[in-house]
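Structure, as C-alpha cells:
The values are calculated or read from the model by the stated rules, or taken from the named source; none is laboratory data. Everything numeric in this text was worked out from a predicted model, so none of it was measured. Please note: Cβ atoms are built from the backbone with ideal geometry, for glycine as well, and neighbour counts cover all protein chains shown.
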Amino acid sequence: MGKYFGTDGFRGEANVGLTVEHAYKVGRYLGYYYGKSHEDGKASIVIGKDTRRSSYMFEYSLVAGLTASGADVYLMHVTPTPSVSYIVRLDEFDCGIMISASHNPYYDNGIKIINGQGSKVEASVENEIEAYIDGEIPEIPFAKREQIGRTVDYAMGRNRYIGYLMTLATRSYKHKRIGLDCANGASSTVAKAVFEALGAKTYVINNEPDGININENCGSTHIEQLQQLVKDKNLDIGFAYDGDADRCLAVDEKGEIIDGDKILYACGCYLSERGELNNNTVVTTVMSNLGLYKAFDRKNISYEKTAVGDKYVFENMMENGHSLGGEQSGHIIFSKYATTGDGVLTSIKLMEVILEKKVAASELFRDLKIYPQLLENVKVTSKPAAREDEDVKAAVKKVEEALGDEGRILLRESGTEPVIRVMVEAQTDELCKKYVDEVIDVIKKKGHAV
C-alpha cells in the first residue's frame, strides 16, 4: 500500500483525508499519463459515482484535472462500480474512475481507478500519482486550445450494463418474490430494473438516496431491515448491496443471512457439479470461515487463500485461470462475466443455482456448518509494531495450540485504518470471545493500543 492508495483506492473523509485538490491532481496525472500512449495526446476516460453528497464535488474536480491535461471525459453519473469496469472493457476506454467509499458512511469518499482491462489499476500507476501529488514529479503541461479535453454525457453506458446483466439470467424470475436493499446507493439506478425485467415481483427498500443516507443502517453492512422485509412479506429471497454495489449479501426465505462464504459454497458446488468450475478451485481470502473449507473438503473442491481484498482474489484468479472467487463480505467475482466484484451479477448467479436446482435458498447450505466467528478491531499507534511484538505473537500461538483443528485465530493489519484486526473462529461464541480478549489484553498491556 502507498501513502494515499490502499487496497481499494484513495479513500478518506471528504475534504479531510481526501480533498478536492487531491482529486484534481489525480485527474491531471491520469489525463497526462494515458494521453502519452496516443499520438494526439488525448486519453478517453469514463467516470462513475455513487450517491454521497461529495461525489459530485469530486467528479467536477476530476473532470477539471482530466480535461486540463487534454483527456476526453465520459460521465456515467450514478452507477455501480462494476458497470464502470464493464464499460471500460466494452468501449475500450484508457481507464475508468469510480468515485465511492463503498460501504463507508456518507462523509467518507474514495477514488477507485480501473485500468483498460477493467480491473484495479496497477500499483506502479498509483505510485506515480502519489509522487505527483507530493510534488516529486515536475509539473505537467496544460492542454491548450483544441487540445483541451471535452466532457460527454455517457448515461447510455449504465443502460448497456443493465442490458448485459439481463442476458446472464438462465430462467425467468416469474412467480419469485424478491427483496432488494439498495443501501441508498448506486444500485438504486440498476437493481430494480433488472429484476423486474426478468419477471420477479420485487420489494425494494432504501432506494431513495439523498446524499447523506447511503449505507445508513441499511444495505449489506446493516442487513436487519432486509431480514425483516423477507419475513414480513414472505419472500423467496432478499439481496442487499453496499454503496457502490460491488458487494452482495443475501437473506434466505427463513430470514437467515447468506454471507459471501455461503454464496461461494453454493455457486462453487453448483459449478463443480456442472464441470464449469475452472481447476475445480474456489479462491477465498484468509477471512473465509473454517467451516467453508471443511465443506469444500467433503465435496472434493480445492481452494486457495489470498490476502484480504478482492484485488488480491482477482489477481490470483487471473494468474491461475480460476473462475470463482470472493470474500466473506460479499465481493464475489465470476471471472467469465466480470473483472470485479459485482453485487447484482452475484444475485443473478445465486438465483441461477436456486432455479436450476429447484430448491429454496436455505436448502443450498444444509451441508455447510459455519463456525462462530468474532472479529474485533484495536486502534494502535503502529500496526507493524503491534503485529511483530514477541509477546503478542506468543499469545496468538497459545490460542492456535488451544484451538487445534477445531478453530483458528488470525491477526492482521487493516488496509485502510490504523487498526489491528483480531479474528477467532471456534466451536462456540464463548470461546471466540475468550481467545480474542486474551490477545487484545496483551496488545493493550504492551502499550500498542491508542
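Observations
- The set of residues from the stretch 355-389 being buried (at least 16 other Cβ atoms within 10 Å of the Cβ), out of contact with any Phe, Trp or Tyr (no Cβ under 8 Å at 6 or more places or on another chain) and under 19 Å from residue 282 (Cβ atoms) comprises 370, 371, 373.
- In the stretch 114-135, of all residues being without any contact (Cβ under 8 Å) to a residue 40 or more places away in the chain and not hydrophobic (A, V, I, L, M, F, W, C), the one that is farthest from residue 314 (Cα to Cα) corresponds to 135.
- Where residue 208 falls short, out of the listed (1) outside the structural domain of residue 355 (by TED's automatic domain parsing); (2) acidic (Asp, Glu); (3) not in a helix (DSSP H, G or I): (1)
- Exclusive hit being under 18 Å from the mean Cα position of the chain (by Cα) and touching a residue at least 24 places away in the same chain (Cβ under 8 Å), set 353, 286, 378: 286
- Only listed residue being of a type in the set (S, T, N, Q) and at pLDDT below 95, chosen from 100, 119: 119
- Hits in the stretch 166-180 (condition: under 22 Å from residue 235 (Cα atoms) and touching a residue at least 40 places away in the same chain (Cβ under 8 Å)): 169, 170, 171, 173, 176, 177, 178, 179, 180
- Any hit, the stretch 305-316, residues being in a strand (DSSP E or B), of a type in the set (S, T, N, Q), in the same structural domain as residue 235 (by TED's automatic domain parsing) and surrounded by fewer than 22 Cβ atoms within 10 Å (Cβ to Cβ): yes
Let's see how each residue does on (1) in a helix (DSSP H, G or I); (2) surrounded by fewer than 13 Cβ atoms within 10 Å (Cβ to Cβ):
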| position | (1), (2) |
| --- | --- |
| 138 | no, yes |
| 157 | yes, no |
| 161 | yes, no |
| 166 | yes, no |
| 175 | no, yes |
| 180 | no, no |
| 183 | no, no |
| 188 | yes, no |
| 195 | yes, no |
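- In the stretch 59-76, residue surrounded by the most Cβ atoms within 10 Å (Cβ to Cβ) [restricted to those that are over 19 Å from residue 37 (Cβ atoms) and touching a strand residue (DSSP E or B) at 6+ places or on another chain (Cβ under 7 Å)]: 62
- Filter result (part of a helix (DSSP H, G or I), crowded, with 23+ Cβ neighbours inside 10 Å, in contact (Cβ under 8 Å) with a residue 60 or more places away in the chain and of a type outside the set (Ser, Thr, Tyr)) within the stretch 28-54: 28, 30, 31
- Picking from residues in the stretch 321-375 that are in a loop (DSSP other than H, G, I, E, B) and touching a Cys at 6+ places or on another chain (Cβ under 6 Å), the one that is farthest from residue 236 (Cα to Cα) is 372.
- Residue check for residue 110: crowded, with 17+ Cβ neighbours inside 10 Å and farther than 23 Å from residue 48 by Cα: no
- Residue count, the stretch 422-450 (criterion: buried (at least 18 other Cβ atoms within 10 Å of the Cβ), closer than 26 Å to residue 108 by Cβ and touching a Lys or Arg at 6+ places or on another chain (Cβ under 6 Å)): 0
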